[in-house]
């Protein structure tokens, strides 16, 4: 094995190791996140939905703004939570592959911007559920490929767009009891997060004439 071949092999091995470590961290944080949501839903079930009413996003009510930070962890029953769990696990895992720090920052942007958009456009309505995060991670993963232009991110973004394009029907205001506002602003917040957290490229120096 010559030096160039050995160098390429070592580089590939290091890259695979980094990817494996990132995948493990992403899997752990998503399992923990879902575990918290299921734990909260069990408590809410015991309390007969009290948490939903007290800590959901209440549109146009100043005291309902606090729900922005709690609503993603609340659900209207176990069926609602089960419907969100698998897409949240998959899309959240893919969003977290680039590092836990970036993932947490993206999650914060999605929760705050998406939640405020929902509060502003849903007067006198209580909104709960992780679907805003689902749409946010979808937007984040797809847009990350466009903004970062890393080959792996581009491939993942295209794959997610193909596999989950059907969720975009959730942006339409035609389903009773479904917060299309939460979906829409979650998606937009995910795109904003991808832009804010994009890889910074060094400026290309220009030659003086």
Discussion item. Given the condition touching a residue at least 24 places away in the same chain (Cβ under 8 Å), out of contact with any helix residue (DSSP H, G or I) (no Cβ under 7 Å at 6 or more places or on another chain) and within 19 Å of residue 185 (Cβ to Cβ), answer yes or no: does some residue in region 132-149 qualify?
Written reply: no
Practice prompt. Give the residue that is farthest from residue 30 (Cα to Cα), with candidates limited to residues of region 130-169 that are modelled with pLDDT under 95 and outside any helix (DSSP H, G or I).
Written response: 149
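Residue-wise test of (1) buried (at least 20 other Cβ atoms within 10 Å of the Cβ); (2) under 15 Å from the mean Cα position of the chain (by Cα).
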| residue | (1), (2) |
| --- | --- |
| 131 | yes, yes |
| 135 | yes, yes |
| 141 | yes, yes |
| 147 | no, no |
| 156 | no, yes |
| 166 | no, no |
| 175 | no, no |
Practice prompt. Read through the list (1) more than 25 Å from residue 57 (Cα to Cα); (2) loosely packed, with under 13 Cβ neighbours inside 10 Å; (3) touching a residue at least 12 places away in the same chain (Cβ under 8 Å), then give the number of the only condition that residue 123 fails.
Written response: (1)
Worksheet, complete the sentence: Per the filter on region 79-114, residues surrounded by fewer than 16 Cβ atoms within 10 Å (Cβ to Cβ) and outside any helix (DSSP H, G or I) are 99
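The values are calculated or read from the model by the stated rules, or taken from the named source; none is laboratory data. These figures come from a predicted structure and were not determined experimentally. Cβ: placed from backbone, ideal geometry, glycine included. Neighbour counts: every protein chain shown.
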